[in-house]
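The values are calculated or read from the model by the stated rules, or taken from the named source; none is laboratory data. Note that the structure is predicted; figures quoted are calculated from it, not measured. Cβ placement follows ideal geometry from the backbone for every residue including glycine, while neighbour counts extend to all protein chains displayed. Ligands, DNA and RNA are excluded from the accessible area calculation, which covers all protein heavy atoms including side chains. Shrake-Rupley method; radii C 1.70, N 1.55, O 1.52, S 1.80 Å.
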Amino acid sequence: MKTRIISACALVAASIGTWSCNQSDPKPKGDYVQGVFVINEGNFSSNNGSLAFFARENTTAEADIFNIVNGQTLKGGIQGYAVSDEKGLILVDNSAAGQDEIQIVDANTMESLATIGSPDVENPRNVVVVDDHTAYVSCWGTTGTYPNFFVSNGYIAVVDLASNSIKKRISVAKGAENMVYANGQLIVGTVDYSGVNTLTVINTATNEVAKEISMIAAPNPIGADASGKLWVQAGLQVFQIDQASWINEKTITLSTDASKSAGNFALSNDKQTIFFNLSYYDANYVSQGQTYAFKVSDNAVDLSKPLINRVFTGLAVDPLQGLIYGAVTPSYAQAGYAVRYRTDGSVVDSVKVGIAPTGFVFK
């Protein structure tokens, strides 16, 4: 009888343990757990940038969600947004010197948690979150007036997400701009009017500059393809680079027309295709052009077959659905649109968002 009681107790204990182990972690709560965030840069002189949000199944967006939740606007142009599991970082670039900031929010509720301002952050440009502990923000630093706009080196602000503070500033070239995190390294480009053609490689284990690479024009890192090769755009060419040796393995010319510009690069979900805009300004200074796609295995782009017969102020691919998102800016005084396309270039629908949409963050 005693043996039976012990066995029964052991069975109950084992069952409780199994039940406990099989319980999944509670799902995060909030209105912004899953969906699409739209970065609306706004009119720079008006400091009226915002974040919009909509669920993937919806065709209407919730405008200026930070204001809705916190009862205050972001007071600047919005240059970027990135999320970890717990936190989101909004880059706010005010037209007045000394008013720029990183607004740190709860990634699921959009509640403000902390603010990092000047002098730690001045002219923030791009943000990359590498894990739940660390994010990187490219900054121009203090700027002057034309023609001496870039008066000092740029820097990468290393954000400690545990303390919501800057733990280091890494000096890089003037006009530090777009960044990608690829193969354990942070790759930093420069804005095309900085006059600097240096691609900077940062070792994220030490937060030190590991390498500087001279390019033919201001470099714009795109990302790593399915084989782990890094793609970088410079001028009207793109380069496939091996990150172990830093040897350029392939060069693709996007156009031979010097009046055109290439931009808004995005990788497909399978990392086998690169989408981009090829644009120019007409006599009325209105941007014109097309959206193209090429396989990373290609050696040339067929310019006779645009994927979409228009250009955008932002381009991205949803990692969940695989749809292409194009940002449309009719003017800097009215709301823009997020237009969704299938990968064959056929349109799905459009969603009205905020002023001057330039980017998308998917969650």
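Kindly indicate the residue of the stretch 154-172 that is in a loop (DSSP other than H, G, I, E, B) and among the polar types (S, T, N, Q) and also surrounded by the fewest Cβ atoms within 10 Å (Cβ to Cβ) among those meeting that condition.
Only one residue fits best here, namely S163.
Could you go through the stretch 121-133 and let me know if any residue there is polar (S, T, N, Q), within 18 Å of the chain's Cα centre (by Cα) and in a loop (DSSP other than H, G, I, E, B).
yes
Filter the stretch 283-298 for residues that are over 24 Å from the mean Cα position of the chain (by Cα) and either outside any loop (DSSP other than H, G, I, E, B) or not polar (S, T, N, Q) (or both); which is surrounded by the most Cβ atoms within 10 Å (Cβ to Cβ)?
D298
If you scan the stretch 257-282, which residues turn out to be more than 20 Å from Y332 (Cβ to Cβ), part of a loop (DSSP other than H, G, I, E, B) and over 17 Å from the mean Cα position of the chain (by Cα)?
Passing the criteria: D257, A258, S259, K260, D270, Q272.
For the list (1) under 18 Å from A82 (Cβ atoms); (2) over 20 Å from the mean Cα position of the chain (by Cα); (3) not β-branched (V, I, T), I need the number of the one condition that F150 fails.
Every condition holds for F150 apart from (1).
Spot the failing condition for F37; the list is (1) closer than 24 Å to Q321 by Cβ; (2) at pLDDT 95 or above; (3) in a loop (DSSP other than H, G, I, E, B), and only one is missed.
Going through the list (1) closer than 24 Å to Q321 by Cβ; (2) at pLDDT 95 or above; (3) in a loop (DSSP other than H, G, I, E, B), F37 breaks only (3).
If a residue has to be outside any strand (DSSP E or B) and open to solvent by 40 Å² or more (accessible area, probe 1.4 Å) to count, how many in the stretch 48-67 make the cut? Write out each step before concluding.
Step one: list which residues in the stretch 48-67 are outside any strand (DSSP E or B), which gives 49, 55-61, 63-67.
Narrowing the set further to residues that are open to solvent by 40 Å² or more (accessible area, probe 1.4 Å) leaves 57-60, 63, 67.
Residues that pass the stated criteria total 6.
Can you tell me which residue in the stretch 97-112 is surrounded by the fewest Cβ atoms within 10 Å (Cβ to Cβ), limited to those that are aliphatic (A, V, I, L, M) and within 19 Å of the chain's Cα centre (by Cα)?
I104
Taking the criterion of being touching a residue at least 12 places away in the same chain (Cβ under 8 Å), of a type in the set (S, T, N, Q) and at positive phi, would at least one residue in the stretch 301-319 satisfy it?
Within the stretch 301-319 (the criterion being touching a residue at least 12 places away in the same chain (Cβ under 8 Å), of a type in the set (S, T, N, Q) and at positive phi), the answer is no, since none of the residues qualifies.
Applying the selection to the stretch 68-96, what residues are open to solvent by 10 Å² or more (accessible area, probe 1.4 Å), touching a Lys or Arg at 6+ places or on another chain (Cβ under 9 Å) and either basic (K, R) or assigned to a strand (DSSP E or B) (or both)?
Q79, V83, listed by residue number.
Suppose we filter the stretch 173-191 for residues that are part of a loop (DSSP other than H, G, I, E, B) and not β-branched (V, I, T); how many remain?
Matching residues across the stretch 173-191 total 5.
Can you tell me how many residues in the stretch 321-338 are assigned to a loop (DSSP other than H, G, I, E, B), touching a residue at least 24 places away in the same chain (Cβ under 8 Å) and either in contact with a Lys or Arg (Cβ under 7 Å, 6 or more places away or on another chain) or open to solvent by less than 70 Å² (accessible area, probe 1.4 Å) (or both)?
Going through the stretch 321-338 one residue at a time, the tally reaches 4.
Restricting the stretch 193-247 to residues that are within 19 Å of S268 (Cα to Cα) and assigned to a loop (DSSP other than H, G, I, E, B), which is most open to solvent (accessible area, probe 1.4 Å)?
Here the residue is S227.
Looking at the stretch 131-153, which of its residues are open to solvent by 40 Å² or more (accessible area, probe 1.4 Å) and of a type in the set (A, V, I, L, M)?
V151
Read through the list (1) closer than 28 Å to N269 by Cβ; (2) among the hydrophobic types (A, V, I, L, M, F, W, C); (3) open to solvent by 30 Å² or more (accessible area, probe 1.4 Å), then give the number of the only condition that L186 fails.
Of everything listed in (1) closer than 28 Å to N269 by Cβ; (2) among the hydrophobic types (A, V, I, L, M, F, W, C); (3) open to solvent by 30 Å² or more (accessible area, probe 1.4 Å), L186 misses just condition (3).
Looking at (1) assigned to a strand (DSSP E or B); (2) in contact (Cβ under 8 Å) with a residue 40 or more places away in the chain, can you tell me which one M110 breaks?
So M110 meets the others, but not (1).
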